[in-house]
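The values are calculated or read from the model by the stated rules, or taken from the named source; none is laboratory data. Predicted, not measured: the structure shown is a model, and the values here were computed from it. For neighbour counting, all protein chains shown are included, and Cβ atoms are generated from backbone atoms with ideal geometry for every residue, glycine included. Heads up: the accessible areas ignore ligands, DNA and RNA and are worked out on the full protein's heavy atoms, side chains in. Shrake-Rupley method; radii C 1.70, N 1.55, O 1.52, S 1.80 Å.
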Amino acid sequence: MSPRSRRQPPTGNDRPPSDEVSAIFDGMLLHARELLAVRSPLDAELIVSEILGSWYGRRADDGDVEEVIGEALVDHAARAGTPAALALLTGMAYLGTTRQAAKAERAALGLMDRGVARPGWADRVGMVAPAECHVSRDVYGDQDSIVCTYTYGGEERHALVILVDHNMGGMVRDAWVSSQVDRLLEHCRVEGRESPLMRFEALAPRATRALLEAALAVTHNADDPPVSDTFGSYHAFVRARVRALPPGGRPPAALPYGQDRRATLAARFLASDEAEDLSDRGAASRCADRIIDFGCAYDQGRPLRVSPIKCEMFLLDWLPRKVVLSLDDQEAMPHVLAAWVRWAGRLTSLPEEGVRATLDAVWDATGKFAEAYRDPTMFGLERDLVDRLLPDGDLEALARRAFALPFLSGRHRLSSRHGAVDLSALNPADEADRRLLIQFEHPGADTDHLAAHERLTVRLWNGDPPQLWETAQAMLDVGFERHDILHRLIGALQHAGDDPDALRTVLHALRHESPPG
């Protein structure tokens, strides 16, 4: 069931200079000549989607990339006025964003009024009807392959397969199209019957649309989503086909896990037969809390879901980055996780083969976990300093919080009117104490300036959004001074206001600046 494969146009991360835009658009129109040779609306839509994928993943410094590039392509095609340009505009009127589609339709009508010839497939493009939806998924819940079938008035039946990765926050990571629908569905059915680790089920089209819209939103909101190399070519096609499904469904929502519910879940685990042999009950309790935290925060509120991949991510990625563990907890963690796998597997009816495979992954990762895990005090940081910067135990926050509030020790006079303050006695997580630390670093600054620094410090402390610290690191790497970085980040926050998309655009531009001098 190989997808219809087409070459993907080169992509980049920076908007090209204006004198190169015309040449790039001319290349797209040259590509669009293929639209004049095809007869199938499906083939035409895939070609147009590939052309629109030319800028997938780019960011524009002065606006939404779809507006800056996509709508400019519509204008360029309208000026060209060729049959290939009309064919491209016809496809964009279906596959483009709402603004692109409206603009492309107006431009296409203008060319038709001038007598430009339409392609033969023009009346059928976008005239698809959804038929049925299925999901092929593994029993672990790691990935879903959503299969949606469509026809053009009962003809040209085809399937769109969309891969949703739940270990990556439930994002769409890949998609492809197959015209061999019966063969594809039969393969999935056989796999679901014969493999104890696979399931193949029907999905309601409304629920499918809601699920896919939520998954596409996760991909869209990620700065650099780990999608396949060909996903950009299918992105516009996927977006349009999801819109063709009936609305009204609701995406699956996990039950919220408040502190009481988390504590109850941990207590149930510790009282289970699977946890009976854990000798250090204190360490087991703390480790169970971390397992639950990971499942709630990074697995869409599913602490009971276990899989080989999820356990490896927990031990080798999340824990070493996020959590400060004592030596006793480090030693206990793999044993507690193995007991959790057996307990959660029983509660969720995970097949025995799945439990064994997950346990094998835990033990295989144990040696690497001991190598990967690091205590920050091993790098010369005092335990008191680490504790003050990490009251929540979020190890990943250590570097950015130390960057935001580097002056945390010694006795210093804030002003001539105040006595000396012991900075080591201040709690940077406390609002009043944090304000004193900021005042110490900026003596004589006015109230508005201090307030701007405080707002940035709170953002960096909380990692909200993550791109703030990513930008600061990129600027440090190319030679910017810390004080200059702070002021540029403050300027970015002030420029973007409450618009998160505008903030991402400004931060993207900052990451590509060079330091003065």
(message) Tell me the angle of helix 352-372 to the major Cα principal axis of the chain, expressed in degrees between 0 and 90 and rounded to the nearest ten.
(response) 60 degrees
(request) Could you tell me how many degrees, from 0 to 90 and to the nearest 10, lie between the Cα long axis of helix 41-52 and the main elongation axis, the longest principal axis, of the Cα atoms of the chain? (result) 40 degrees
(request) May I ask you to give the solvent-accessible area per residue for the chain, in square angstrom, as obtained with a 1.4 angstrom probe? (result) 48 Å²
(message) How large a share of the accessible area of the chain, in percent, is made up of carbon and sulfur atoms when the probe is 1.4 Å and the other protein chains stay in place?
(response) 50 percent
(message) How large is the accessible surface of residue 326 in square angstrom, using a 1.4 angstrom probe and rounding to the nearest 10?
(response) 50 Å²
(request) First measure r as the distance between the Cβ atoms of residue 26 and residue 477, then evaluate 1/(1 + (r/R0)^6) with R0 = 41 Å and state the FRET efficiency to the nearest 0.05. (result) 0.65
(request) In nm, give the distance between the simple-model label positions of residue 347 and residue 425, each being 7 Å from the Cα along the Cα-to-Cβ direction. (result) 4.6 nm
(request) Starting with the highest mean, order 423-433, 480-490, 84-94, 154-164 by the number of other Cβ atoms within 10 Å, averaged over the residues of each peptide. (result) 84-94, 154-164, 480-490, 423-433
(message) Using only Cα atoms and rounding to the nearest 10 degrees, what angle (0 to 90) does helix 205-221 make with the longest principal axis of the chain?
(response) 60 degrees
(message) With +1 on the Cβ of every Lys and Arg and -1 on the Cβ of every Asp and Glu, and nothing else charged, how large is the dipole of the chain about its Cα centre, in debye rounded to the nearest 20?
(response) 1120 debye
(request) Just check the chain against the gyration tensor rule for me: Cα atoms, a ≥ b ≥ c as the square roots of the eigenvalues, rounded for a/c under 1.5, and otherwise prolate or oblate depending on whether a/b exceeds b/c. (result) oblate
(request) Per DSSP H run of at least 4 residues, take -39500 (n - 2.57); add these up for the chain, divide by its residues and hand me the 222 nm value, nearest 500 deg cm²/dmol. (result) -16500 deg cm²/dmol
(message) With the crude spin-label approximation of a point 7 Å out along Cα→Cβ, what separation in nm comes out for residue 186 versus residue 37?
(response) 3.3 nm
(message) Defining a contact as two alpha carbons under 8 Å apart and six or more residues distant in sequence, what relative contact order in percent does the range 119-217 show?
(response) 27 percent
